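Since every read-out is calculated from the coordinates, none of them should be taken as a lab result. Keep in mind it's a predicted model, so treat the numbers as computed, not measured. Using ideal geometry, Cβ is built from the backbone for each residue, glycine included, and neighbour counts are taken over all protein chains shown.
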Amino acid sequence: MKTNTVLLLMGVGAIVACNDPKGDVENDTLADATADTAVMYEDERGRMEADGAEIIDVGEDFWAGINWDAPVVDDPDLKGSNVEMRQEKEYNIYTMDDRLLFDTDKAQIRAEGEEKLRQIVNELKDLPQNGQIRIFGHADARASNEYNKELSAERANAVKDWLQNKGGIAANRLSIEAMGETAPRATNETARGRQLNRRVAIVAVTREQM
């Protein structure tokens, strides 16, 4: 019986030694871990460092309540850019005519459009970095509702991908919504009105998320 007990204790010691090559378990702490291994220590701070800032979901009611007629802001950094900025207490809206970004019936961003998006990214970098951003695609009413929704989704996705891959915006901050023809800014009975309705809007939460 005594022999078995000694062997058991030796086995436990061997397992500890394998887990601690230095033979010093007390020194193997989170301070010695990388961001990737910190999650093994059940440490919330380590997970935050590994995954980036925690993004708080503002909820779908927030996005459904966007005021597209919010007051226009004269931002000197966007002067001459043809990017319209509107502002409410908790969010900014950056809107671009679809001709700035895309060719007719296309969803590939033009070189001119990329320059506009870079200007918007510079604005976004001054906002809370854990705030959500949603890209809304809008269309006029000339084609079918199904076609308009599909095209506006493709265009919103193209902007989302650009913001992530070229603008350096974290993927977990970004989402899209295909509005199609459901939120016109003007009448669809005139060429000018239809042009105003064909647009992409980037809505960024500006309140600090807790």
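Count the net charge of all other residues whose Cβ sits under 10 Å from the Cβ of G131, scoring Lys and Arg as +1 and Asp and Glu as -1.
So the surrounding residues net to 0.
For A178, what charge total do you get from the other residues with a beta carbon under 9 Å from its beta carbon, if Lys and Arg give +1 and Asp and Glu give -1?
Here the count lands on -1.
Over the C-alpha atoms of the stretch 75-210, what are the Rg and the largest Cα-to-Cα span, Dmax, in Å?
For the stretch 75-210, the Cα-based Rg and Dmax read 14.3, 45 Å.
If the only charges are +1 at each Lys and Arg Cβ and -1 at each Asp and Glu Cβ, what is the size of the charge dipole of the stretch 60-205 around the Cα centre, to the nearest 20 debye?
Approximately 240 debye in magnitude.
May I ask you to evaluate 6.51 cos²θ - 1.76 cosθ + 1.60, the Karplus curve with θ = phi - 60°, for each residue of the stretch 186-199 and list the ³J(HN,Hα) values in order in whole Hz, giving x for glycine and proline?
8, 5, 8, 8, 10, 4, 5, x, 4, 5, 5, 7, 8, 7
Choose one of A70, N148, A107: the residue whose Cα lies farthest towards the positive end of the charge dipole of the stretch 60-205 (beta-carbon charges +1 Lys, Arg; -1 Asp, Glu; about the Cα centre).
My answer, from the dipole projection, is A107.
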